[in-house]
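Participant: Quick one: the structure is below, and I'll ask about it shortly.
Where a number appears in this text, it was derived from the coordinates with a stated rule and is not lab data. Since this is a predicted model, take the numbers as computed values, not measurements. Backbone-built Cβ (ideal geometry, glycine too); neighbour counts: all protein chains shown.
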Amino acid sequence: MTLIHLTPWDLTLASVLVLLLAAMSWRLRLGVERRVLIAATRSAVQLMLVGFVLKFLFAQTSLPLIALMMLVMLSAAGFEVMQRQKRRYRGLWGYGIGTFSMFLSSFTVTLLALTVIIGVEPWYQPQYLIPLLGMLLGNAMSGVAIALDNLTRQAWESRGKIEARLLAGGTWEESIEDIRRESLRAGLIPIVNAMGTAGLVSLPGMMTGQILAGSPPLEAAKYQLLIMFLISAGTGLGSVAAVWLGSRRLFDDRQRLRLDRLAEADGRR
Amino acid sequence: MAGLRLDAIGHRLLAPVDLTLAAGELVFLSGPSGSGKSLLLRAVADLDPNTGEVWLGDAARSSMAPPHWRRRVGLLPAESFWWAESVGEHFPVAKTATASATAAILGWLDQLGFGADVLNWSIARLSTGERQRLSLIRLLTQQPEALLLDEATANLDPLGRDRVETLIDTYRRNARAAVLWVSHDPEQRRRLAATSGGRCFVIRDGHLEPES
């Protein structure tokens, strides 16, 4: 099998479909046409740019440059997690909790995969590192964002219940354990569902890409499986860290519920 | 049993408050809504950031783990909240308790007009008044050494109110517990203060003053 190169013309044809979608949104007054067009433009620019950057990185295999790329990816993911919060933590925490959790989980799992499982030499070979980290960060990002949003939202709504448990002589961990569990579950459900239906309903994106690019299906399936295991570990670890740090931050040293550490609800949602 | 002493307890609405309650003493607190009565009780229970120190007998609040403090200095909020499905799940002693503790709970339930089967009731079917009465029993099962009551009888009919007043009075005498009671009902304050020799204070312009 050979790789069929896409011409600009092919992409233009595909983009007409997005334009049609935007036109439909305008005609039916769905009000999302602007967002569709902006998102499509963003993805076009970002993906082309990253294509060039990767081409450059792959030619160099220079650790400082790769580290810089990883840092950019992590900051973007951290920013996205913060954007998705209805009630953010005030101050640096709003950015820090999500970012640190994703750093902790995605970077360790990526490192483990590169050194122990795949055995890349050197471990920072960008052809493996960057896509792998991207997959992990992208999924951890969704999990962490959902889990944190659940945590702060529910804590806000359940203030009376949490304080009732504190007043009954409960520790801060006892008083928020139900909410913690719920938030963690919410963060993990997407990846668990994705694993459960993988291959039955749709072929996962990476596997599809590999097959389209000419890899043998069985090799693609094995890689996809590896990625899914890594992703679920990364997402789980990231969500656990975020929920732990986040719930700890909701209480102070005298185990008082400190909802004043959350900002007012964001009007966008 | 021990008295309760507030040593310059302050929060953002209220100038620092000094107040000493002897063991077994009843003190009423009133004031216009928004004057910070509930906030003062929350500050004493260490539920909101606050300045100052509270003493339960010789023990300082800052020397005690917060859960321990809140168990010993029990706050009954104006609105009661329940976190589990059934009433009984909120009474940890009900499952593991000694016979005497169980008997005490059943006695309190009976005094407020509930049968033992109330422990199996679902929280969702309780009325506001039932919740309020049950939350008092929930608080008493912690065997607090001092009580902070926020409008303990606000949602009750006259019969319920009398029963709750009697139960609190009995507990105060038996346990020699200091009781700090926020009540907006002048008739209740006068009546109970007269029978128990309690003092009444009012919060005016952010300061605590004796009620005239």
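Participant: At q = 0.14, 0.16, 0.17, 0.19 Å⁻¹, what is the base-10 log of I(q)/I(0) for the range A:72-230 according to the Debye formula with one equal point scatterer per Cα and no solvent? Please give it to two decimals.
Facilitator: With one equal scatterer per Cα and no solvent, log10 I(q)/I(0) is -0.82, -0.98, -1.06, -1.20.
Participant: For B:Ser62 and B:Ala78 in the same chain, what is the full-extension length gain: residue separation times 0.36 nm, less their Cα-Cα distance, in nm?
Facilitator: 3.2 nm
Participant: Moving on to the next point. Any chance you could run the full-extension gain for A:Ala59 through A:Leu21? It's 0.36 nm times the residue separation minus the Cα-Cα distance, nm to one decimal.
Facilitator: The A:Ala59-A:Leu21 span can extend by a further 9.8 nm.
Participant: Also, quick follow-up: Given an 8 Å cut-off on Cα distances and at least 6 residues of separation, report the relative contact order of chain A as a percent.
Facilitator: Computed over chain A, the figure is 25 percent.
Participant: Please build a GNM for chain A, connecting alpha carbons under 10 Å apart, and tell me which residue among A:Arg185, A:Arg159, A:Arg27 fluctuates the most.
Facilitator: Looking only at A:Arg185, A:Arg159, A:Arg27, the largest GNM fluctuation is found for A:Arg27.
Participant: Additional query: Show me, bin by bin at 10 Å from 0, the whole-percent P(r) of chain B based on Cα pairs.
Facilitator: 8, 35, 37, 17, 2
Participant: Follow-up. If you filter the range B:12-98 for GluC sites (Glu not before Pro), then keep DSSP loop positions with at most 16 other Cβ within 10 Å, what is left?
Facilitator: Those satisfying the criteria are B:Glu79, B:Glu85.
Participant: Now, a different point. Go ahead and set up a Gaussian network model of chain A, Cα springs under 10 Å, then flag whichever of A:Leu65, A:Leu237, A:Leu136 fluctuates most.
Facilitator: Judging by the Gaussian network model, the answer is A:Leu65.
Participant: Ok, one more. May I ask you to derive the relative contact order of the range A:114-269, considering only C-alpha pairs under 8 Å and at least 6 residues apart, and to give it as an integer percent?
Facilitator: So the answer I get is 34 percent.
Participant: Now, a different point. Would you calculate a helix-derived [θ] at 222 nm for chain B, using -39,500 (n - 2.57) for each DSSP H run of n ≥ 4 and dividing by the full residue count, to the nearest 500?
Facilitator: -10500 deg cm²/dmol
Participant: Would you work out if the range A:1-60 is rounded, prolate or oblate? Take a ≥ b ≥ c from the square roots of the eigenvalues of the alpha-carbon gyration tensor; rounded if a/c is under 1.5, else prolate when a/b is larger than b/c, oblate otherwise. Spell out each step's value before the answer.
Facilitator: Values: a/c = 4.66, a/b = 1.89, b/c = 2.47.
Verdict is oblate for the range A:1-60.
Participant: Hey, another quick one. Find the relative contact order for chain B and round it to a whole percent, using C-alpha pairs within less than 8 Å whose residues are 6+ positions apart. Working shown, then result.
Facilitator: Values: 373 pairs, mean separation 68.5, N = 212.
Computed value for chain B: 32 percent relative contact order.
Participant: Could you calculate the FRET efficiency of B:Arg204 with B:Thr170 from 1/(1 + (r/R0)^6), where r is the beta carbon distance between them and R0 is 30 Å, rounded to 0.05? It would help to have the intermediate numbers written out before the result.
Facilitator: Values: r = 32 Å, r/R0 = 1.08.
With R0 = 30 Å, the Cβ-Cβ based efficiency is 0.40.
Participant: Could I ask something else about it? Label point 7 Å out from A:Trp156 along Cα-to-Cβ: which residues of the range A:167-195 have amide N under 17 Å?
Facilitator: It comes to A:179-180, A:183, nothing else.
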